[in-house]
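S.K.: Pasting in a structure now, in structure tokens, and then I'll have a few things to ask.
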Protein chains: 2
Amino acid sequence: MAEVPEGWEARGKPPTLFRRFGFERYGETRAFLDGLAALSEETGLHPQNVNFGTTYVNITLEAAEGGQLGEAELGFAARINALSKAAEA
Amino acid sequence: MAEVPEGWEARGKPPTLFRRFGFERYGETRAFLDGLAALSEETGLHPQNVNFGTTYVNITLEAAEGGQLGEAELGFAARINALSKAAEA
């Protein structure tokens, strides 16, 4: 399996990836959520769950069809990391 | 206190309002989330927590500053109900 991107932890059964993102202001949270929605439209990949408040977003990614985490999920996680950095800028 | 809008239940301490919205497709979920973000920008009110997956959105509203639920929160909940109906259309 490819390396798990920075800040993400592999969890449980079925295999999932979870990460919490924190932001200074709602505007950043909103920019991140908008970017996440656009990324989902582009890739056809959707987080299994997204849990957010004003200044945080918790994301859980699940392996497709009960399989193992693969390049698709790990690449998706890495791109979400990039979105979070962009949202903070 | 004004009447709790259809489908919402008052919960706990601090007082909160919770409702789960279910959708047929991600497109509806997305339309609902976009509408919710626009409504937050318009009103300056933000859910205490939003938890969503592809076809559901769970929303928790909390009373401002630890007070009681008032017209602001109940009105916000009623407008979120309207958004969910619009998203399904």
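The values are calculated or read from the model by the stated rules, or taken from the named source; none is laboratory data. Remember, predicted model here, so these are calculated numbers, not experimental data. Quick reminder, even Gly has a Cβ in these numbers, built from the backbone with ideal geometry, and neighbours come from all protein chains shown.
S.K.: Just for region A:1-30: of the residues that are over 11 Å from the mean Cα position of the chain (by Cα) and of a type in the set (A, V, I, L, M), which one is modelled with the lowest pLDDT?
M.R.: A:1
S.K.: Among (1) within 13 Å of chain A (Cβ to nearest Cβ); (2) under 16 Å from residue B:82 (Cα atoms), where does residue B:18 come up short?
M.R.: (1)
S.K.: Follow-up. For region A:1-67, which fully contained strands (runs of 3 or more DSSP E) count at least 1 residues that are buried (at least 17 other Cβ atoms within 10 Å of the Cβ) and touching a helix residue (DSSP H, G or I) at 6+ places or on another chain (Cβ under 8 Å)? First the steps, then the outcome.
M.R.: Values: elements: A:9-11, A:16-22, A:49-53, A:56-62.
In region A:1-67, the matching strands (runs of 3 or more DSSP E) lie at A:16-22, A:49-53, A:56-62.
Here is a yes/no grid of residues against (1) charged (D, E, K, R); (2) in contact with a His (Cβ under 7 Å, 6 or more places away or on another chain):
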{"residue": "A:6", "(1), (2)": "yes, no"}
{"residue": "A:14", "(1), (2)": "no, no"}
{"residue": "A:19", "(1), (2)": "yes, no"}
{"residue": "A:26", "(1), (2)": "no, yes"}
{"residue": "A:40", "(1), (2)": "no, yes"}
{"residue": "A:51", "(1), (2)": "no, no"}
{"residue": "A:59", "(1), (2)": "no, no"}
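S.K.: Could you say whether any residue in region A:71-80 is within 23 Å of residue B:35 (Cα to Cα) and either in contact (Cβ under 8 Å) with a residue 12 or more places away in the chain or surrounded by fewer than 17 Cβ atoms within 10 Å (Cβ to Cβ) (or both)?
M.R.: Residues of region A:71-80 within 23 Å of residue B:35 (Cα to Cα): A:80.
Filter once more, keeping what is either in contact (Cβ under 8 Å) with a residue 12 or more places away in the chain or surrounded by fewer than 17 Cβ atoms within 10 Å (Cβ to Cβ) (or both): A:80.
Yes, that holds for at least one residue.
S.K.: Here is a further query. Within region B:23-59, track down each residue that is closer than 15 Å to residue B:86 by Cβ, more than 9 Å from chain A (Cβ to nearest Cβ) and not charged (D, E, K, R). So that I can check it myself, show each step before the final result.
M.R.: Here is the first cut: in region B:23-59, the residues closer than 15 Å to residue B:86 by Cβ are B:23-25, B:27-39, B:42, B:57.
Subset that is more than 9 Å from chain A (Cβ to nearest Cβ): B:23-25, B:27-29, B:31-32, B:35-36, B:38-39, B:42, B:57.
Of everything in region B:23-59, those that are closer than 15 Å to residue B:86 by Cβ, more than 9 Å from chain A (Cβ to nearest Cβ) and not charged (D, E, K, R) turn out to be B:23, B:27, B:29, B:31, B:32, B:35, B:36, B:38, B:39, B:57.
S.K.: Take the residues in region A:68-89 that are in contact with an Asp or Glu (Cβ under 7 Å, 6 or more places away or on another chain) and either part of a loop (DSSP other than H, G, I, E, B) or of a type outside the set (Asp, Glu) (or both), then tell me which one is farthest from residue A:19 (Cα to Cα). Before the answer, list the steps.
M.R.: Quick first cut of region A:68-89, residues in contact with an Asp or Glu (Cβ under 7 Å, 6 or more places away or on another chain) only: A:81, A:87-88.
Still in the running and either part of a loop (DSSP other than H, G, I, E, B) or of a type outside the set (Asp, Glu) (or both): A:81, A:87.
Working: A:81: 9, A:87: 16 Å.
Of everything passing the filter in region A:68-89, A:87 is farthest from residue A:19 (Cα to Cα).
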